[in-house]
Structure formats: structure tokens, C-alpha cells
Amino acid sequence: MAAEKSDRILVEEIQRGDRRRLAGLYERYSKRLYGYLLRLTRDEAAAEDVFQETWMKVIESIDAFDPARGSFRAWVFRIASNAVIDRARYEKVRRGRELDAPVSNEEDTRWIDHVPSPEIGPEGRAGAAEVGRAMTEALAGIPAVQRSAVLLRHQQGLSYRELAVVLGTPEGTAKVLVHRGVIVLRKRLAEYVS
Amino acid sequence: MRDPSCQRALESLCLGLPDAAREHLEVCVLCREEAEGLGRVLDELAEGVELRVPQRAEAPVLNALRAAAGPCFAIKPLPAFVLGALGLGSFVTLVSFILAQTPVADAAPLAAVLLVGTYLSICAVVSLPLLLRSPARKAPTLGESRP
């Protein structure tokens, strides 16, 4: 809450014309955003591209941000999530796959399901700690929207209200996504945590 | 699941709301064990919450931030405009006096006023676009359109 309030003050100053304050927001969220993107995509190049794209959009659109509609943090993660899906769609087109395939109406298979599952190369397997590697594999195995929901809640600590803004779902749906995702992870990691 | 209260406790833990499960965990040994395992999963999930951003990804963003911040001295649009307008006024008056060949006793104060007037005029010109730019553009529709 305190962070949200101070974000709001920074944003107000920026919107009044003091663009130097943008650096404060960047300082606060750059590492968190990169941590989220890397775990969501498990692809350094993709994470870096989306990271840059997100901040360029923040700089460009900060005057249009309305704090009444949600926190700055939710806004940034929303932009990043949109950029991830845009990139995934572009990749699909580039690879000549079926364009804009109809997406199921089911809760768990919406926009973010275009995001491919993380791929874990042999270097990653060797370098990561066993439980960390198992977690990466377990995350790769759950639907992308659940993966995103679980990471935003349990890695980034977003509130359910913020999560709903990022995912574009009602709060109740966001809760269901987190719950289902964690249950699947718990099952898949049973041998490591029992 | 053992009973509905166990189910609720597990749900709360999965949702990251441990306070809601605390009371139940105090009395249910099986759920406590389950919670420990779940805790390890959640701890592992929380890893990498902050990661150092590679320089190649950060550099263009930092450049854009510097460009957005503008020059190191910040011009407050309104005061600069008012001062600039005054300066412009004095400058114009002065020039008109000079053109009219009004006798001036001392040339030094005249030169100083001319200098300050020129500087403030530049302030007015620079601050006018800042002043005219409206900070409150159309609000985004979070959750619907893409900012």
C-alpha cells in the first residue's frame, strides 16, 4: 500500500511535467519486471525484448495512465503481459503457423495461452539447482495463464485486485487461476517437497 | 481431502493468504505437514523476484529515460513563461526606446537590462510548448485496450 501511494505521487509529478521522476519508477520496477518476464518466458532474448518494449511504452504513455483504474504496478505488468502475447503471436505468424486460431472460451485457455511453454536447454538443466530445475519444468507444464497468475501472485506479490487488472479477469477468476496453478505445481513437485 | 476445513485451509495457503489458514493449522497435524510442503513450493516460486537486468537490455531504456528527462535544469513551465513574458516586454520596450533614440544617461544598466530581457525572452519561447502541452490526455482502459 505504501509503495502504491508513493508510486502515485511519482506518477503525479511525472504527469505534471517532471520527467526525471520516471527514473524512480524504473529503479523500483525494472528488476522485478525482468524477474517475472524471464520466469514467464524462460527465454533471455524474449525477456529482454519485452522488457525494453514495456519501458518504452511506459515512457510514451505515462501521461495516459489513470491511477483511479489501478496501481502503476498492475499497469506495468499489464503492458508487459500484452507485449509477451504480441510477441508470441508474431512468432506464430513468422513460423507460418495457423494464424489467430480460435481460442476456447474456457477460463484457462485465453490470450496468454498463445505464450509458448518455456524451453529448458541442457545448460539450464546442468546449472540450476535440482529443485529450481524441477520448478521450471513444472511451471512449463501448466497453462500459461496459470503460470502468469501464479508468478504474479507468489513471485511478485501482486494483490488479487492488481492480478485481475493484469490478466483482464474478475478477481474471482484470478483466484481460481492461482489456486489451480499452485495445486498442479504442488503435485508435480511432490517428490521434492514431501 | 480430509474435511471441508482442511480444504479451505489448503485453498488459503495456495492463494497466498496464510493468516486465513493459521487457526486450522494449529489443530490439524496433517494439514501442517501439507502446509510445509506447500511452503517449500511457494518459496521456490518466489525465487528470482528481482533479477539484474542485462546491460544490453537496460541501455536503450536508460537512454530513453535520459531523453525524456530533458536537460539537467528543469524549467517550471508557468513561472518561466511569466518571467519570460515580462522579459519580452522589457526587451521590446527597450528596443523601442533605442529605436526612438531616447537619451539614456548611463549605458551600463541599459546593457544589463537588455541582456536579462534577452535571456527571459528565450525562457518564454522554450517554456511555451511545455505550457501548452496538456498532461491529462485520454485515460487508458486498463484490462481492455492496450496502452
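The values are calculated or read from the model by the stated rules, or taken from the named source; none is laboratory data. It should be emphasised that the depicted structure is a prediction, and the values quoted were computed from it without experimental measurement. Cβ sites come from the backbone with ideal geometry, for glycine too, and all protein chains shown count toward neighbours. These area figures cover heavy atoms from the full protein model, side chains too; ligands, DNA and RNA do not enter into them. Shrake-Rupley method; radii C 1.70, N 1.55, O 1.52, S 1.80 Å.
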Next on the checklist: Quick check on this structure: which one of A:E162, A:E171 is within 22 Å of A:L33 (Cα to Cα), within 14 Å of the chain's Cα centre (by Cα), open to solvent by 10 Å² or more (accessible area, probe 1.4 Å) and modelled with pLDDT of 90 or more?
Outcome noted: A:E162
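Residue-wise test of (1) open to solvent by less than 100 Å² (accessible area, probe 1.4 Å); (2) modelled with pLDDT of 90 or more; (3) outside any helix (DSSP H, G or I).
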| position | (1), (2), (3) |
| --- | --- |
| B:G16 | yes, no, yes |
| B:E26 | no, no, no |
| B:L30 | yes, no, no |
| B:E34 | yes, no, no |
| B:D43 | no, no, no |
| B:R66 | no, no, no |
| B:F73 | no, no, yes |
Checklist outcome for this item: Among helices (runs of 4 or more DSSP H) entirely inside region A:62-158, those with 1 or more residues being modelled with pLDDT of 50 or more and out of contact with any Gly (no Cβ under 9 Å at 6 or more places or on another chain) are A:72-94, A:130-140, A:144-150
Next on the checklist: Just to be sure before I move on: is A:V176 open to solvent by 10 Å² or more (accessible area, probe 1.4 Å), facing chain B (nearest Cβ under 9 Å) and either in a helix (DSSP H, G or I) or within 18 Å of B:V41 (Cβ to Cβ) (or both) in the structure I sent?
Outcome noted: no
Next on the checklist: Looking at region B:45-56 only, could you name the residues that are within 22 Å of A:R180 (Cβ to Cβ) and outside any loop (DSSP other than H, G, I, E, B)?
Outcome noted: B:L45
Checklist outcome for this item: Those residues of region A:24-51 which are without any contact (Cβ under 8 Å) to a residue 24 or more places away in the chain and open to solvent by less than 50 Å² (accessible area, probe 1.4 Å) amount to A:G24, A:Y34, A:L38, A:A47, A:E48
